[in-house]
Every structure is written in structure tokens, then in C-alpha cells.
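Asker: Have a look at the structure that comes next, please.
The values are calculated or read from the model by the stated rules, or taken from the named source; none is laboratory data. What you are looking at is a predicted structure, and each value in this text was computed from that prediction instead of being measured. We place every Cβ from the backbone using ideal geometry, glycine too, and count neighbours over all the protein chains shown. For the accessible areas, the whole protein counts, side chains as well, though only heavy atoms, and no ligand, DNA or RNA atoms are used. Shrake-Rupley method; radii C 1.70, N 1.55, O 1.52, S 1.80 Å.
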Amino acid sequence: MAKTSYTCVECGYRTPKPLGRCPACGAWESFQEVAPSPARAPSRQAHLEAPSPIPLSQVNEAEEKRFSSGLSEVDRVLGGGFVPGEVVLLGGEPGVGKSTLLLELAKHLTKKVYYLAGEESPAQIKLRAKRLGVRELLLLKETRLEPLLSLLERDPPEVLFVDSIQTIEAGGSPGSLVAVREATHAFVRLAKEEGITTLLVGHVTKEGVVAGPKSIEHAVDATLYLESAGVYGVLRSAKNRFGPVGELGVFRMEEGLVEVQNPSEAFLLERPLGVPGSAIALALAGERALALEVQALAAKTPFPAPRRVVQGLDARRVDMVLAVLERRLGLPLGNLDIYVNLAGGLKVQDPGLDLAVALAVYSAVVGKALPPDLAVVGEVGLLGEVRSVMGLERRLREGERAGFSRFVHPGNTRSLGKAVEQYLG
């Protein structure tokens with residue numbers, strides 16, 4: 001005989017008896033009784049109607065019919081546009097512009113769009129829409145999952161925006177792990193059955209990840225993050241079943257989000273010339289090549305252990321490059337605080353930035369500036385060698401387009417020491 005159990009509505013923890021406080025998530029008075037399900041013997045009819053495997057050779061090849069979002073930077077990050085029935089999770093810090101991006105998409109899409117507004121009133125959304133030039137929009141204010149699914153099945157849209165998934169009431173208090181998980185899976189099922197392209201907005205925690213269970217990201221087709229980089233907004237793909245991962249889209253934050261067609265020019269706009277500690281790196285983010293400025297500063301430290309401060313780059317790789325400079329090139333760094341920054345507020349994880357970091361730090365320590373028309377790319381090995389990187393031709397073409405005429409890369413320089421001697425010796 002099945003026994004009664006109790007489940008925490010906040011995290012789903014199950015126990016045979018009610019507890020005052022959940023041992024898993026720490027919530028108080030959060031347990032609800034779950035009635036036992038009657039045991040049923042499998043019938044022969046059910047057995048006969050069970051689905052059978054489908055041979056791959058008999059599966060019809062469905063043509064991928066993408067449609068444009070109306071914003072070329074969003075299309076780039078998605079891999080060419082939206083796919084019918086695709087579910088996209090959009091994360092970002094509060095105030096970064098997630099709702100603004102949804103309204104920009106609604107303005108440009110030529111599809112039937114429903115905007116589920118769970119966090120703002122219709123009057124508030126109308127004020128924002130008027131400022132962005134959105135003339136018409138179909139708003140939904142229902143946040144209870146079952147009535148909402150009934151409405152969407154009765155009159156399905158082509159595109160659905162849910163702002164945000166944490167406001168949906170489904171099997172627990174809104175925002176709890178149980179509610180977020182159940183609502184996400186319900187929207188995924190509906191999207192696949194009805195072919196509704198769905199974009200779910202998710203809050204980001206202080207650790208920089210989408211709040212809620214990790215199963216949300218596994219359930220959706222793509223996960224995008226909208227980040228702030230100075231005066232720019234950067235849309236980045238962390239997961240994409242229908243396109244590349246790590247692709248970047250850049251927007252300028254004005255009245256709305258304005259697309260930046262030439263990010264290299266934008267990020268190098270305030271670059272100082274003839275100053276030691278500056279090197280231009282040819283980076284690769286997804287399929288996009290970018291010319292970015294790596295800045296370095298060296299200062300005498302008053303502390304026994306010198307500080308290493310890194311912004312926008314992989315701190316562990318920077319530490320490795322500093323060790324190579326000190327050991328292989330004899331650059332004295334033991335009594336210096338070293339600061340390394342990727343100018344513009346962008347964050348890029350690319351081994352091809354190693355050479356720019358090395359030259360920028362060396363330039364800062366010896367007080368000699370690199371030529372203003374020089375751009376560099378290459379991974380630095382522990383033996384002081386310059387190693388090849390992915391997409392070298394694409395990076396060099398971007399460097400030429402950005403106006404640089406001299407380049408240091410694995411094709412013409414195999415040693416960090418030779419690069420330093422040629423330009424900083």
C-alpha cells in the first residue's frame with residue numbers, strides 16, 4: 001500500500017513526514033501533503049498501444065524554416081534567426097535591457113506575437129513601447145499556468161514572449177524551483193506541439209547564472225545572456241542547438257537598443273595612441289572576429305605579495321603569461337603590482353589574446369609604446385613559443401578592415417622573445 005509523503009514546494013525535497021524547515025533549501029513551513037497514487041496493473045490494451053521505435057531511414061527530413069528576428073545582431077547570435085517551435089531562455093541582470101530587447105523584437109517581427117507581462121502592468125509596458133516606437137502589441141496578464149496554457153492552445157501565436165518565467169504560478173509559489181521547472185517544461189511541450197517560437201526571460205543571480213534549477217537550461221533549445229559592457233549591451237549565446245555557441249551581438253544603449261554593425265570600431269573609439277601598456281588583440285568570439293585593446297599597468301607594490309588584477313580576461317591565463325615573461329624573458333615582476341584590462345568592459349575567453357597580454361605587460365614595464373598600426377594574435381606556450389589559434393585568417397581580415405597594417409601572429413612569429421625584441425627591444 002502506497003504511503004503519504006510530503007514535498008517542499010520551494011525545492012521539491014520529499015520526506016515521509018512533514019518538517020518545520022526543509023533540510024535542502026532551508027524554507028520554513030513549506031511542506032505539502034502528496035496523496036498516494038493508486039497502484040494500477042498494466043493492461044494488455046495499454047501494452048498493445050505502446051509506441052514502437054522508428055527507424056532513422058524512415059524519418060522524414062524536416063526543412064529548417066528559419067525566420068528573421070528583424071535585428072541582424074540577434075540573428076547572428078541565434079545562428080540565422082528563430083526556428084519555429086524553438087524555446088530560448090534569455091538571462092541578464094536587472095535593468096540590463098531584457099524587456100527592452102523583447103519590445104525591440106516585437107517591433108520588428110512580422111509575426112503574431114503575444115507578450116506575457118508578469119512583472120509590469122499594461123500601462124507601464126505601453127509607456128516603454130511608446131518610447132521605443134512599438135505601435136501595436138498583444139499583451140497577456142494571466143500568470144496562472146493552466147488558464148494560460150488553455151488560452152494559448154485555443155488561440156496560439158507564432159511567437160510568445162514570457163517576461164518572466166519566475167512570475168508563472170505552477171505547482172508552487174512563483175519563483176520557486178518547482179514552479180520554474182514545471183512552467184518551463186509546460187512551455188517547451190506547448191512550443192513543440194504548436195510550433196510556437198518561445199522566448200523565456202530568466203533572472204540572473206549574483207553569481208551570474210540564470211536563477212532556478214539547472215534543468216531549465218537543459219530543457220530549452222538556446223540560452224542567451226544580455227550583459228552590460230560600458231555603454232554597450234552584449235548578447236551572448238551560451239547554448240544553441242541550432243547555431244554556434246559563444247557568438248556575440250553588440251548594441252548601443254540609447255532610447256532603446258541600437259545595433260552596432262562595427263564593434264571593433266566602437267570598442268577602439270577611445271583608444272589612446274603612443275601610450276605604453278596598450279596592445280591591440282585580434283580576438284574571436286563565436287564566429288565573429290573583433291579588434292580589441294588590451295591595457296596593462298605595472299606599479300611598485302608596498303606589499304610582500306604583489307597583486308594581480310584582471311578585468312575581462314581569463315585570470316589564470318594572464319597569470320601563466322606573466323610567469324612566462326618572468327621566467328623565459330627575464331622580465332622582473334616580483335615587486336610589481338600588475339593590472340590587466342580588456343578596454344570597453346567586454347569579457348572574452350580566448351587563448352589568442354595571450355600574445356597581446358604579454359606585449360602590453362612588457363610595454364608597461366619597460367615604458368615603451370607599441371606601434372599604433374600593430375595588431376597581434378597568438379597563444380603563448382609555457383616555453384615562450386607563439387602557438388597557432390583558430391580562425392587566424394578571419395582575425396587578420398578583421399585587423400585589416402579595422403585599419404591595421406602590421407601584424408604579429410603564429411604565421412610570421414614563432415617566439416615571444418622575437419616579437420618583444422622586434423617591437424620593444
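Asker: Any idea of GLU293's accessible area? Nearest 10 Å², probe 1.4 Å.
Answerer: For GLU293, solvent-accessible area is about 10 Å².
Asker: What spacing in nm lies between the two simple spin-label points modelled at LEU19 and SER150, each 7 Å away from Cα in the Cβ direction?
Answerer: The two pseudo-label positions are separated by 3.6 nm.
Asker: How much FRET efficiency would the formula 1/(1 + (r/R0)^6) give for GLU120 and SER228, where r is the Cβ-Cβ distance and R0 is 22 Å, rounded to 0.05?
Answerer: Calculated value: 0.60.
Asker: Let me ask something else about it. Full extension from ARG189 to LEU138: what is 0.36 nm times the residue separation minus their Cα-Cα distance, to one decimal in nm?
Answerer: Values: separation 51, 0.36 × 51 = 18.36 nm, distance 2.21 nm.
Between ARG189 and LEU138, full extension yields 16.1 nm more.
Asker: If I compute solvent accessible area with a 1.4 Å probe over the protein chains, what percent of it on the stretch 269-425 is carbon and sulfur? Show your work: numbers first, answer last.
Answerer: On the way: 3800 of 7370 Å².
Percent of accessible area from carbon and sulfur atoms in the stretch 269-425: 52.
Asker: Per residue of the stretch 385-400, in order, report the coupling 6.51 cos²θ - 1.76 cosθ + 1.60 (Karplus, θ = phi - 60°) as ³J(HN,Hα) in whole Hz, putting x for Gly and Pro.
Answerer: These are the phi-based 3J(HN,Hα) values: 8, 9, 9, 5, 10, 6, x, 4, 4, 5, 5, 5, 5, 5, x, 5 Hz.
Asker: Sorted from largest down, give the three principal axis spans of the alpha carbons of the stretch 268-362, whole angstrom values.
Answerer: Sorted from largest, the Cα extents of the stretch 268-362 read 42, 24, 21 Å.
Asker: Mind giving me the nanometre distance, one decimal, between the label points for ALA27 and PHE242, set 7 Å out from Cα along Cα→Cβ?
Answerer: Result: 3.3 nm between the two label points.
Asker: Expected output is a single nm value to one decimal: the length gained when fully extending between ARG128 and ARG252, i.e. 0.36 nm times separation in residues minus the C-alpha distance. What is it? Walk me through the numbers on the way to the answer.
Answerer: On the way: separation 124, 0.36 × 124 = 44.64 nm, distance 1.73 nm.
Gain on extension, ARG128 to ARG252, equals 42.9 nm.
Asker: Find out how many positive minus negative residues lie around GLU393, taking Lys and Arg as positive, Asp and Glu as negative, among other residues whose Cβ is under 15 Å from that of GLU393.
Answerer: Details: positive: ARG288, ARG394, ARG395, ARG397, ARG401; negative: GLU287, GLU398, GLU400.
Neighbourhood net charge equals +2.
Asker: Whose amide H sits under 5 Å from the amide H of GLY92, counting only residues 5 or more places off or on another chain, with H placed in the peptide plane?
Answerer: GLY202, VAL204, LEU226
Asker: Taking a 1.4 Å probe, which of ASP354, ASP155 shows the most accessible area, and what order do the others take after it? Write out the running numbers ahead of the final one.
Answerer: Working: ASP354 5, ASP155 70 Å².
Largest accessible area first, the list is ASP155, ASP354.
Asker: Anything over 22 Å Cα to Cα? Flag those among LYS368/LYS418; LYS65/LYS98; LYS98/LYS141, in the order listed. Please list the in-between numbers first.
Answerer: Working: LYS368/LYS418 16 Å; LYS65/LYS98 26 Å; LYS98/LYS141 18 Å.
Cα-Cα > 22 Å for LYS65/LYS98; rest within.
Asker: Also, quick follow-up: Once every Cα of the stretch 100-184 carries one equal point scatterer and solvent is ignored, give the base-10 log of I(q)/I(0) from the Debye formula at q = 0.19, 0.20, 0.22 Å⁻¹, two decimals.
Answerer: Log-scaled intensity ratios, in q order: -0.85, -0.93, -1.06.
Asker: Right, next: With the cut-off at 1.5 for a/c, could you classify the chain from its C-alpha gyration tensor as rounded, prolate or oblate? Before the final figure, lay out each step's value.
Answerer: Numbers: a/c = 2.17, a/b = 1.83, b/c = 1.18.
Note, shape of the chain comes out prolate.
Asker: Could you work out how much longer the chain between GLU287 and ARG316 gets when fully extended? Use 0.36 nm per residue separation minus the Cα distance between them, nm to one decimal.
Answerer: Values: separation 29, 0.36 × 29 = 10.44 nm, distance 2.40 nm.
Residue separation times 0.36 nm, minus the Cα-Cα distance, leaves 8.0 nm.
Asker: Another question, if that's okay. Per residue of the stretch 125-133, what does 6.51 cos²θ - 1.76 cosθ + 1.60 with θ = phi - 60° give for ³J(HN,Hα)? Whole Hz please, x for Gly and Pro, Karplus curve as stated.
Answerer: Running phi through 6.51 cos²θ - 1.76 cosθ + 1.60 with θ = phi - 60° gives 5, 5, 4, 5, 4, 5, 5, 8, x Hz.
Asker: While we're looking at this one, here's another question. Using amide H atoms built 1.01 Å from N in the peptide plane, name the residues 5+ places from SER5, or on other chains, whose amide H lies under 5 Å from its own.
Answerer: VAL34
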